[in-house]
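Bear in mind these aren't lab numbers, they're just calculated from the coordinates by the rules spelled out. Since the model is a prediction, treat every value here as computed from it, not as a measurement. FYI the Cβ positions are ideal-geometry reconstructions off the backbone, even for glycines, and counts take in every protein chain you see.
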Amino acid sequence: MQLSKKTIGSLPRTVKRPHYDLGTVTVGIVHLGIGAFHRAHQAVYTDALLSEDPSWGICGVSLRSPETRDALQPQDGLYTLAVQDGEGSDLSVVGSVVELLCAPEDPEAVLRRMADPGTRIVSLTITEKGYCHNPATGTLDEGHPDIVHDLANPARPRSAIGFIVEAISRRVSAGIAPFTLLSCDNLPGNGHVLKRIVTQFAEARDPALAAVVRNVASPSTMVDRIVPATTDSDRRAVASAMGLEDAWPIMTEPFRQWVIEEDFPLGRPAWEKAGALFVQDVSAFEFMKLRLLNGSHSTLAYLGYLAGAETVADAMALPGMEALVEGLMRHEVSPTLPQLPGFDLPAYRAELLQRFCNPALRHRTWQIAMDGSQKLPQRLLGSIRDRLRAGAGYDRLALGVAAWMRYARGLDEAGRPIDVRDPHAARIAALAQGIDEPDRIIDAFLTMTDVFGTDLPASAPFRAALIKALDGLLRNGSAATLRSFRR
Ligand code: NAD
């Protein structure tokens, strides 16, 4: 039997379930990119509030494949959240996703829902590459194939950007105020970046439309919860604990954090009652999280993968890894962060190390390694820029960048192919093909100005630091390189 509204009553008492009438929930939020993270984060914060106000249900939209819709529609949108602390699993059923749409199959249905007056927020977790932007500058990539397509066919868009602008245009024509945009992706200034990109897109369509889009509310957010991709063994474990099949349960950790700028002209759920923090300016929180958590995650993912570690916890167990990550956070990243009065930074760093070591979360290094060209600028390169400006050291950060290059070339240390997932995978593979000398490999990578900007490739110290790090990795391998780090 499968989880659904009909079968939910048969769940064991230990499984928590929605305490509101599922039939009364209506759509107030359209979420683009209904992946694992959204279902462990925003959907959970929202679920906690639906008994107070059932008008904030979520319409989950996939912009790519029908997988999530196909898994969750037969379950009436219900799914299980398994919170794993290393000792056991705390299971609950989430009911806030009340509608599922697959944009490539029916873009019109998505646009209708986005243009509906009941929709007051359009939120996004579409991964960094979904923004169709230049990660080094945060501006729209007007040559991106999806953007070229959407400018030529505005009424049948493919990209999130095309959907947002067309939906706003329809709302304006119908005399309905635009929704609030809420980016929940790991991008610095995610709200500002999104606003800049949709405005640039609207300018290319119609200046009058751009004038409206420029004034749409687009608060920035900082999101945090580690959510690995679900595996078949997770599905089996959840089914056996629930006594019901769930096509797509979500596995996560106990920790969660959401900091949001207060700017919702059409209203919002009272997410603060579920633990979200509303602030005027989220940037200090974002820097802290992107540079400490995500910067560490990427570094340990590339080095860990190369050293044969399958998961983050395995990577943390490699001799030297914890010392490297701790030193990277304490000595190289923390001095670059803006002050957050009253915030206990050492405690936050210690908690991060503990979260990375959670053995119950099978967070694959390969998953974190994906899309490096889109992630490196905000995770590692921003910190390096600040260290260069301060005349301070950044060897550990440079090692993270060199490990990405080593990984992205596509062969592991035993010469086996790596399944490198990156929108620029082919370009990267071609970059340094047939070259073995570290300095020539670095020079080839530094031609990627969309990743490194023009300033970093022009910096002799940065180039030298990368060559040194890559040379060590190529000579000694990742495991031996890590062993040289001590706390
Ligand atoms: P996921 O793979 O489960 O889902 C990704 C979603 O993005 C899918 O719906 C996919 O269809 C969509 N997508 C991918 N490429 C796209 C494109 N080019 N255009 C439009 N949509 C696209 O991943 P996830 O775990 O849900 O993570 C998604 C994002 O959430 C991350 O990239 C990150 O920005 C943010 N996030 C994730 C975590 C985490 O631990 N998983 C933590 C914090 C933030």
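Only Cα pairs under 8 Å and 6+ residues apart enter the sum, and on that basis the relative contact order of the stretch 246-393 stands at 29 percent.
Averaging the sequence gap over all C-alpha pairs within less than 8 Å and six or more residues apart, then dividing by the number of residues, gives the stretch 18-87 a relative contact order of 38 percent. When the C-alpha to C-alpha distance is required to be over 32 Å, the pairs from 6/129; 16/375; 195/289; 5/273 that qualify are 6/129; 16/375.
Helices meeting the span-like rule in the chain (full DSSP H runs, Cα extent of at least 18 Å along the helix axis, mean Kyte-Doolittle score of 0.0 or higher): 160-173, 395-408, 460-476. For the stretch 309-438, rounded, prolate or oblate, judged on the Cα gyration tensor with a ≥ b ≥ c (square roots of eigenvalues), a/c < 1.5 rounded, else prolate if a/b > b/c? Taking the square roots of the gyration eigenvalues as a ≥ b ≥ c, the stretch 309-438 is oblate. For the stretch 233-290, averaging the sequence separation of C-alpha pairs within contact (under 8 Å, six or more residues apart) and dividing by the residue count gives a relative contact order of 27 percent.
Helical content of the chain, expressed as a calculated mean residue ellipticity at 222 nm, amounts to -11500 deg cm²/dmol (DSSP H runs of 4 or more residues, -39,500 (n - 2.57) each, divided by residue number, nearest 500). Which trypsin sites (Lys or Arg not before Pro) in the stretch 374-446 sit in a loop by DSSP (not H, G, I, E or B) and have at most 16 other Cβ atoms within 10 Å of their own Cβ? Passing sites in the stretch 374-446 are 421. Distance from the alpha carbon centroid of the stretch 388-438 to that of the stretch 183-226 works out to 31 angstrom. Beta bridges from DSSP with both residues in the chain: antiparallel share about 35 percent, rounded to the nearest 5. Estimated from the Cβ-Cβ distance and a Förster radius of 30 angstrom, the FRET efficiency linking residue 232 and residue 392 is about 0.05.
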